[in-house]
Amino acid sequence: FFFQAEDGIRDAQESRGLGDVYKRQILSFVIIFAPVIGYFDQYKVIVKTQRLGSFSIDVCFILITANILRIIFWFGKRFDTNLLFQSVFMIMAQLVLLRECVKHADFAIYHREIVEKEDPAKKNRDKEGQIQTRVKKVLDKSHFWRWGNFRIYSDFLLIFTITFTVLATLFQKSTLMIEFIGTVSTTIEACLGLPQLISNYQTKNTKGLSVPLIISWFIGDSLKTVYFIVGGQPLQLSLIHI
């Protein structure tokens, strides 16, 4: 009888332990992928309508740069690995969305029409200095993040990543520098809703904006706030969602 009772307790403990494992796996899955889901719906809306609508392409800028910095921050100050994977998948999702946005944005279409009308001889001459040309466009403040070629966005993000990676490597022993990178990351992400708000105000409508995306912002931020605080994550990550 006692042996049976002991076996029953052991089985219950093992079952409870297995249940905790499944719960942690489900939580990890939610934390990693839930923030990304809304953007796939926005992607589908843009593909279907072949227009950017009122969706602000600056949202992509904010999320890509903020998550690049968060990854660099992670290597300087280790925190939950789920948040690292979340950043990786978010960057991938935003690059896919950004590429589609560039195809259908009015400023990008205008840029491509201008290029197509250029003299062929001039195009050939430009190819010789295309690297310098792309760098100039990246540094052009008047058209920042309004380029007509996805490759220019890639160039900028590569320069951005290399710059902060070099800084983090040179000052890897400096707690102040690592905390600074983490703070910049969260400050950028804290502005996520601002460009969309401005876009809605300027267009006077929300046509082309995914409703599930907006809902995911509110639900996702609420879940992440609880997760960050309860999980004892870095202060920067907790403050941004409060």
- Condition broken by Gln42, with the remaining ones in (1) closer than 20 Å to Arg146 by Cα; (2) in a loop (DSSP other than H, G, I, E, B) satisfied: (2)
- Task: Can you confirm whether region 146-166 contains a residue that is hydrophobic (A, V, I, L, M, F, W, C), within 20 Å of Tyr43 (Cβ to Cβ), at pLDDT below 90 and open to solvent by less than 90 Å² (accessible area, probe 1.4 Å)?
- Result: yes
- Task: Look through Asp58, Asp80 and report the one residue that is closer than 18 Å to Trp147 by Cβ and surrounded by fewer than 19 Cβ atoms within 10 Å (Cβ to Cβ).
- Result: Asp58
- Determine whether Leu52 is modelled with pLDDT of 90 or more and either among the acidic types (Asp, Glu) or surrounded by 19 or more Cβ atoms within 10 Å (Cβ to Cβ) (or both). no
- Task: Being assigned to a helix (DSSP H, G or I), among the hydroxyl-bearing types (Ser, Thr, Tyr) and open to solvent by 40 Å² or more (accessible area, probe 1.4 Å) is the filter here, so list the residues in region 183-213 that pass it.
- Result: Thr183, Thr187, Tyr201, Thr203
- Task: Could you tell me whether region 219-234 includes any residue that is at pLDDT 90 or above, of a type in the set (A, V, I, L, M) and either in a helix (DSSP H, G or I) or surrounded by fewer than 12 Cβ atoms within 10 Å (Cβ to Cβ) (or both)?
- Result: no
- Task: Output the number of residues of region 1-39 satisfying the condition of being modelled with pLDDT under 85, in a helix (DSSP H, G or I) and either farther than 22 Å from Phe218 by Cα or in contact with a Leu (Cβ under 6 Å, 6 or more places away or on another chain) (or both).
- Result: 24
- Message: Taking the conditions exactly as written (open to solvent by 80 Å² or more (accessible area, probe 1.4 Å) and at pLDDT 90 or above), does Leu176 satisfy them or not?
- Response: yes
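Is it the case that Ser154 is polar (S, T, N, Q) and in contact with a Leu (Cβ under 9 Å, 6 or more places away or on another chain)? Quick ask: steps written out before the conclusion?
On the way: polar (S, T, N, Q): yes; in contact with a Leu (Cβ under 9 Å, 6 or more places away or on another chain): yes.
Yes; evaluated as a whole, the condition is true for this residue.
The values are calculated or read from the model by the stated rules, or taken from the named source; none is laboratory data. Given the structure is predicted, the values throughout are model-derived calculations rather than measurements. Cβ sites come from the backbone with ideal geometry, for glycine too, and all protein chains shown count toward neighbours. Surface areas here come from the heavy atoms of the whole protein model, side chains and all, with no ligands, DNA or RNA. Shrake-Rupley method; radii C 1.70, N 1.55, O 1.52, S 1.80 Å.
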